[in-house]
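Accompanying notes for the structure given below.
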Amino acid sequence: MEPVLSVEGLAVSYGPVAALQPISFHLAQGGLALVLGPNGAGKSSLVRALAGAVRPRQGAIQLAGQDVTRIPAYKRVKRGIALVPEGRGTLPGLSVLDNLDLGWHSAPPERRRSKAESFAEITGLFPVLGQRLQQDCKTLSGGEMQMLAIARALLSRPRVLLLDEPSLGLAPQAVARVYRALAQLNQANGLSMVLVEQKSVNLGRLPDTSIVLHSGHIVYQESNRRPAEEELSALYLGVAVGAA
Ligand SMILES: Nc1ncnc2c1ncn2[C@@H]1O[C@H](COP(=O)(O)OP(=O)(O)OP(=O)(O)O)[C@@H](O)[C@H]1O
Ligand SMILES: [Mg+2]
């Protein structure tokens, strides 16, 4: 079956700074790609390039067999790539409902479902958002804010959901709630995901692809397994020591 996402030799630089060396991977429909790495590894550069928020230095991105490498970010959302950015990107000053509305409007008309149906699905997944619809989103807790960011991305009806450190700054209980929702979306709903984190994550299944980045280099790339904690620490430390 054709992969939903194909990444071939994708590299990112900011001027003279090489943030991400060429990386290639394929994600099957309903698959999970886990991307790990310490600060400055190039994780955000990768997902931002996939979403069209930064222009890659080289390489190609295909979504369901169609080249999207040169398509601007706002059009890529319509094609089905949604990014939940690091820091969440919810809009303070707007209510929860208005934030969700923006997500719903960014879905392409042919894939968009009725507002009632879409919002029912979201409040089923995140009941707390249903109780906060009229609140300014800046009054939400960190966990609720992350749920809102994920919900907004889901309303754009993505084929691939990119999540940049969704656990960042959250209490363990909130992390568990967010991961439970992600596991359900991936496994029950078959939503394809690229999940970026610093620490290894268990979504109740092995990732189809696990990638560990360090200073823009791929230091680990495996199918159907994820690095154990000790292995990950050794990779983070080993490269740091090796680079010193
Ligand atoms: N807009 C930018 N201009 C210049 N350099 C940048 C820019 N964004 C990121 N970089 C650099 O690119 C490298 C990779 O950054 P990136 O944000 O992709 O890492 P990351 O793995 O997401 O890190 P973190 O865990 O801190 O979020 C870093 O050295 C960073 O300083
Ligand atoms: Mg980052």
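The values are calculated or read from the model by the stated rules, or taken from the named source; none is laboratory data. No experiment lies behind these values; they were computed from the predicted model shown. Here the Cβ positions follow ideal geometry from the backbone for every residue, glycine too, while neighbour counts run over all protein chains shown. Ligands, DNA and RNA are excluded from the accessible area calculation, which covers all protein heavy atoms including side chains. Shrake-Rupley method; radii C 1.70, N 1.55, O 1.52, S 1.80 Å.
Here are the numbers for this structure:
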| read-out | value |
| --- | --- |
| Residue match in the range 14-36 (condition: at pLDDT below 95 and within 16 Å of ligand 2 (Cβ to nearest atom)) | yes |
| Pairs where the first residue, in the range 16-41, is within 20 Å of Ser167 (Cα to Cα) and among the hydrophobic types (A, V, I, L, M, F, W, C) and the second is outside any strand (DSSP E or B) and within 16 Å of ligand 2 (Cβ to nearest atom), C-beta under 6 Å, 6+ apart | Val35/Lys43 |
| Glu197 surrounded by fewer than 21 Cβ atoms within 10 Å (Cβ to Cβ), under 28 Å from Gly65 (Cα atoms) and among the acidic types (Asp, Glu) | yes |
| Sole residue being within 16 Å of ligand 1 (Cβ to nearest atom) and of a type in the set (S, T, N, Q), chosen from Ser167, Ser156, Ser118, Ser141 | Ser167 |
| Qualifying residue in the range 32-49 (condition: of a type in the set (Gly, Ala, Ser), more than 16 Å from ligand 1 (Cβ to nearest atom) and within 23 Å of Glu222 (Cα to Cα)) | no |
| Subset tally (residues that are free of Cβ contacts under 8 Å to residues at least 60 places away in the same chain and under 18 Å from Glu117 (Cα atoms)) for the range 148-176 | 2 |
| Checking Gly216 against (1) buried (at least 19 other Cβ atoms within 10 Å of the Cβ); (2) within 30 Å of Leu97 (Cα to Cα); (3) not β-branched (Val, Ile, Thr), the condition it does not meet | (2) |
| Of the criteria (1) under 20 Å from Lys199 (Cα atoms); (2) of a type in the set (Val, Ile, Thr); (3) touching a Gly at 6+ places or on another chain (Cβ under 8 Å), which one Val4 fails | (1) |
| Scope the range 39-59; condition part of a loop (DSSP other than H, G, I, E, B) and either within 13 Å of ligand 2 (Cβ to nearest atom) or open to solvent by less than 70 Å² (accessible area, probe 1.4 Å) (or both); matching residues | Asn39, Gly40, Ala41, Gly42, Gly52, Ala53, Val54, Pro56 |
| Filtered residue count, the range 86-97, keeping only those that are at pLDDT 95 or above and buried (at least 19 other Cβ atoms within 10 Å of the Cβ) | 1 |
| Pairs with Cβ under 8 Å, 6+ apart, first in the range 67-79 and part of a helix (DSSP H, G or I), second open to solvent by less than 40 Å² (accessible area, probe 1.4 Å) and β-branched (Val, Ile, Thr) | Arg76/Val68; Arg79/Val68; Arg79/Ile71 |
| Residue check, Gly65 within 12 Å of ligand 2 (Cβ to nearest atom) and surrounded by fewer than 15 Cβ atoms within 10 Å (Cβ to Cβ) | no |
| Count of the range 212-238 residues which are touching a Phe, Trp or Tyr at 6+ places or on another chain (Cβ under 9 Å) and either modelled with pLDDT of 95 or more or not charged (D, E, K, R) (or both) | 8 |
| Those residues of the range 12-31 which are surrounded by fewer than 22 Cβ atoms within 10 Å (Cβ to Cβ) and either within 12 Å of ligand 1 (Cβ to nearest atom) or in a helix (DSSP H, G or I) (or both), in sequence order | Ser13, Tyr14, Gly15, Pro16, Val17, Ala18, Gln21 |
| Which listed residue is within 17 Å of Ala41 (Cα to Cα) and touching a strand residue (DSSP E or B) at 6+ places or on another chain (Cβ under 6 Å), from Leu168, Leu213, Leu235, Leu161 | Leu235 |
| Among (1) surrounded by 13 or more Cβ atoms within 10 Å (Cβ to Cβ); (2) part of a helix (DSSP H, G or I); (3) modelled with pLDDT under 95 - the single one Leu129 does not satisfy | (3) |
